[in-house]
Amino acid sequence: MTGTTGTTGGSAVDDGARRVRVVLVDDHRMFRTGVQAEIGETARTGVEVVGEAADVDQAVTVITATRPEVVLLDVHLPGGGGVEVLRRCAPLMAAAENPVRFLALSVSDAAEDVIGVIRGGARGYVTKTITGTDLVDSVFRVQEGDAVFSPRLAGFVLDAFASTDAPPVDEDLDRLTQREREVLRLIARGYAYKEIAKQLFISVKTVESHVSAVLRKLQLSNRHELTRWATARRLV
């Protein structure tokens, strides 16, 4: 995790009083390991990682068993995605005492992903470019009941809930899987295949397969046409 979402300087140092129990839900083991190393040193950060999960079923099982205060939830997961985890954990979120709160942590900054998990009950949404210091701060804020967003994402939520109109259905976009949409956006932003592979924790060969599938489904010929298609739909 690199970059910043605007905030506090220095390291996250625990004052000896703050504590928060967290479950990490992400289908990439290397990413979970990185987050654990970044924020899970409890004596320094106050964050205790009490469980991990890689798919929807694992997530529901671990969250139910450990009853953490905050869940760091990836949006795209095997078994139905983050929204399905939220749906199945709704009773835990609604508990009168010690509710489980969710903070989405995703590579995606797409409006539909942000709005989907917020409607599902998540208390916030930050992208994986967030720093470890800012992530610790975000976790504690969510624990306290605040809503937390990476700067540009808050506007998506405000716009969505200010409007009574349902978002239009894009049949072409609906043909793509969530992973294909992620690859599409990164290609349209000019990322090379190796950069996309690194960011999504997949192989270059898998990126190539996703790009081929996107071009076929959208009936496009090359990445330049794909970029124009994505730009016209404001997906970039």
Among what's in segment 9-53 and is at pLDDT below 95, over 18 Å from residue 126 (Cα atoms) and among the aliphatic types (A, V, I, L, M), pick the residue that is farthest from the chain's Cα centre (by Cα).
17
Can you tell me which residue in segment 39-49 is farthest from residue 201 (Cα to Cα), limited to those that are part of a helix (DSSP H, G or I) and open to solvent by less than 30 Å² (accessible area, probe 1.4 Å)?
45
Take the residues in segment 166-187 that are outside any loop (DSSP other than H, G, I, E, B) and farther than 22 Å from residue 74 by Cα; name whichever of them is most open to solvent (accessible area, probe 1.4 Å).
171
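A quick yes/no check of all residues on (1) part of a loop (DSSP other than H, G, I, E, B); (2) open to solvent by less than 10 Å² (accessible area, probe 1.4 Å); (3) in contact with a His (Cβ under 7 Å, 6 or more places away or on another chain):
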position: 21; (1), (2), (3): no, no, no
position: 37; (1), (2), (3): no, no, no
position: 61; (1), (2), (3): no, no, no
position: 64; (1), (2), (3): no, no, no
position: 71; (1), (2), (3): no, yes, no
position: 86; (1), (2), (3): no, yes, no
position: 92; (1), (2), (3): no, no, no
position: 99; (1), (2), (3): yes, no, no
position: 109; (1), (2), (3): yes, no, no
Before we move on, is residue 153 touching a strand residue (DSSP E or B) at 6+ places or on another chain (Cβ under 7 Å), at pLDDT below 85 and buried (at least 16 other Cβ atoms within 10 Å of the Cβ)?
yes
Looking at (1) within 16 Å of the chain's Cα centre (by Cα); (2) at pLDDT below 75, can you tell me which one residue 166 breaks?
(1)
What's the total number of residues in segment 30-48 that are in contact (Cβ under 8 Å) with a residue 24 or more places away in the chain and either closer than 13 Å to residue 70 by Cβ or among the acidic types (Asp, Glu) (or both)?
7
May I ask you to list pairs of residues, at least six apart or on different chains, whose Cβ atoms are under 9 Å apart, with the first in segment 193-212 being among the charged types (D, E, K, R) and the second being part of a helix (DSSP H, G or I) and open to solvent by less than 50 Å² (accessible area, probe 1.4 Å)?
194/207; 195/186; 205/197
Confirm whether residue 220 is farther than 25 Å from residue 128 by Cβ, open to solvent by less than 80 Å² (accessible area, probe 1.4 Å) and outside any helix (DSSP H, G or I).
yes
Output yes when any residue across segment 126-144 is open to solvent by less than 10 Å² (accessible area, probe 1.4 Å) and under 24 Å from residue 177 (Cβ atoms), and no when none is.
yes
Apart from one, (1) over 19 Å from residue 201 (Cα atoms); (2) in a strand (DSSP E or B); (3) open to solvent by 30 Å² or more (accessible area, probe 1.4 Å) all hold for residue 52; the odd one out is (1)
Can you name the condition, by its number, that residue 75 falls short on among (1) hydrophobic (A, V, I, L, M, F, W, C); (2) modelled with pLDDT under 95; (3) surrounded by fewer than 22 Cβ atoms within 10 Å (Cβ to Cβ)?
(3)
Set 27, 109: member being touching a residue at least 40 places away in the same chain (Cβ under 8 Å) and closer than 27 Å to residue 155 by Cα:
109
Test residue 79 against the criterion of being in a loop (DSSP other than H, G, I, E, B) and touching a residue at least 24 places away in the same chain (Cβ under 8 Å), and give yes or no.
yes
Any idea how many residues of segment 194-208 are open to solvent by 70 Å² or more (accessible area, probe 1.4 Å) and either farther than 25 Å from residue 35 by Cβ or hydroxyl-bearing (Ser, Thr, Tyr) (or both)?
2
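The values are calculated or read from the model by the stated rules, or taken from the named source; none is laboratory data. A quick note: this is a predicted structure, and the numbers were derived from the prediction, not measured. Every residue, glycine as well, gets a Cβ built from its backbone with ideal geometry; the counts of neighbours run over all protein chains shown. With ligands, DNA and RNA removed, areas are computed over all heavy atoms of the protein, side chains included. Shrake-Rupley method; radii C 1.70, N 1.55, O 1.52, S 1.80 Å.
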